[in-house]
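**Q** Let me begin by handing over the structure; questions about it come next.
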Amino acid sequence: SSHYLIRKTHRYLGILIGIQFLAWTIGGLYFSWTNIYRVHGDHEHKHVPLLGGNISLVSPDLVIKNISLQQQVDSIKSLEVVKF
C-alpha cells in the first residue's frame, strides 16, 4: 500500500515538474529569440524630447532665491527643466 502511494506521488510530481521544465524551456527560447530591447521593455519607455538650442533658461540660483523669499527652504530634493 505504501509503495503504491509512493509510485502515485512520484508519477504526479514528475508530471508537475515536467510541465514546469517545459514552460521554463519555452520561456527561455522566447526570450533568447526575441529582441533584447523588447524583453527589457525599452520600447514602452516614453522618449524625452531634446531641448533646442534657442530656448532661454533661468538660473537655479535665481529660482531658489525667489522661492526662499516666499517661504522657508531647508533643502532641495530635485531640479527639473520644464518647457512652457
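Bear in mind that the values in this text are calculations on the coordinates, not laboratory data. Bear in mind that the values here come from a model prediction, so they are computed numbers and not experimental data. When we count neighbours, we look across all protein chains shown, and the Cβ atoms used for this are built from the backbone with ideal geometry, even at glycine.
**Q** Taking ILE64 and the conditions (1) exposed (fewer than 10 other Cβ atoms within 10 Å of the Cβ); (2) of a type outside the set (D, E, K, R); (3) closer than 30 Å to VAL81 by Cα, which numbered condition does it fall short on, given that it satisfies the others?
**A** (1)
**Q** VAL58 - would you say it is surrounded by 10 or more Cβ atoms within 10 Å (Cβ to Cβ), of a type outside the set (Lys, Arg), over 22 Å from the mean Cα position of the chain (by Cα) and in a loop (DSSP other than H, G, I, E, B)?
**A** Judged against the criteria, VAL58 is not a match.
**Q** Something else: Being surrounded by 10 or more Cβ atoms within 10 Å (Cβ to Cβ) and assigned to a loop (DSSP other than H, G, I, E, B) narrows it down to one of VAL73, VAL82, so name that one.
**A** Exactly one of VAL73, VAL82 is surrounded by 10 or more Cβ atoms within 10 Å (Cβ to Cβ) and assigned to a loop (DSSP other than H, G, I, E, B), namely VAL73.
**Q** Filter the range 1-53 down to the residues that are closer than 30 Å to VAL82 by Cβ and of a type outside the set (D, E, K, R) and list them by number.
**A** TYR37, HIS40, GLY41, HIS43, HIS45, HIS47, VAL48, PRO49, LEU50, LEU51, GLY52, GLY53
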